[in-house]
Amino acid sequence: MAVSMQGSPVEILLVEDNPGDIRLIVEVLKEGKVQNCLHVVEDGEQALAYLRRQGEYEKSIKPDVILLDLNLPKIDGHGVLEAIKKDDSLKHIPVIVLTTSEADQDILKAYNLHANCYIRKPVNLDEFLTVVRSIENFWLSIVKLPGGYVG
């Protein structure tokens, strides 16, 4: 099993409110070839509290990559993405938007807010699993993630 370039597991923050999608992503990443530590939050407020190490998340580890759904309770994914990219201590973290929306305005808005990529979640189970494996293969195996940031 591969590890990150720093020799430790890749830290992943999954921001997702759908229990079925969470379960599938957890399983795929557990079976994957890249050692990772997956942290899950289920709404936009939790995501920002986790990233800012506030409240129950005061001991959270800054993620190497964020998987972000757009359709979230409390603060939507666009709001979370905007807050991340405006924060100097967080803006370097790659954000992968993984959502059901195919709307051109959602795609454009995500890229205007500096999402690193936008991936539509397939409704077909096999296609969904293929997409998550592709994310792992590309973002966790091929891409060099930023490291050494303190914050």
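Every number in this text was worked out from the coordinates using simple rules, so none of it is lab data. Keep in mind it's a predicted model, so treat the numbers as computed, not measured. Glycine also receives a Cβ, built like all others from the backbone with ideal geometry; neighbour counts cover every protein chain displayed.
Hey, with R₀ at 25 Å, roughly what FRET efficiency would T130 and V26 work out to, going by the Cβ-Cβ distance, to 0.05?
Using R0 = 25 Å, I get an efficiency of 0.95.
What ranking do Y118, Y57, Y50, Y111 get, fewest neighbouring Cβ atoms within 10 angstrom at the top?
Y111, Y57, Y118, Y50
Mind sorting R133, R23 by how few other Cβ atoms lie within 10 Å of their own Cβ, fewest first?
With the sparsest Cβ surroundings first, the list reads R23, R133.
Give the separation of the Cα centroids, region 97-151 to region 16-48, in Å.
One Cα centre to the other: 13 Å.
Can you give the FRET efficiency for S8 and H92, using 1/(1 + (r/R0)^6), R0 = 22 Å, r = Cβ-Cβ distance, to the nearest 0.05?
0.80
Given contacts defined as C-alpha pairs under 8 Å and at least six residues apart, what's the relative contact order of the chain, whole-number percent? Write down the numbers at each step before the final one.
Working: 239 pairs, mean separation 35.7, N = 151.
Relative CO of the chain lands at 24 percent.
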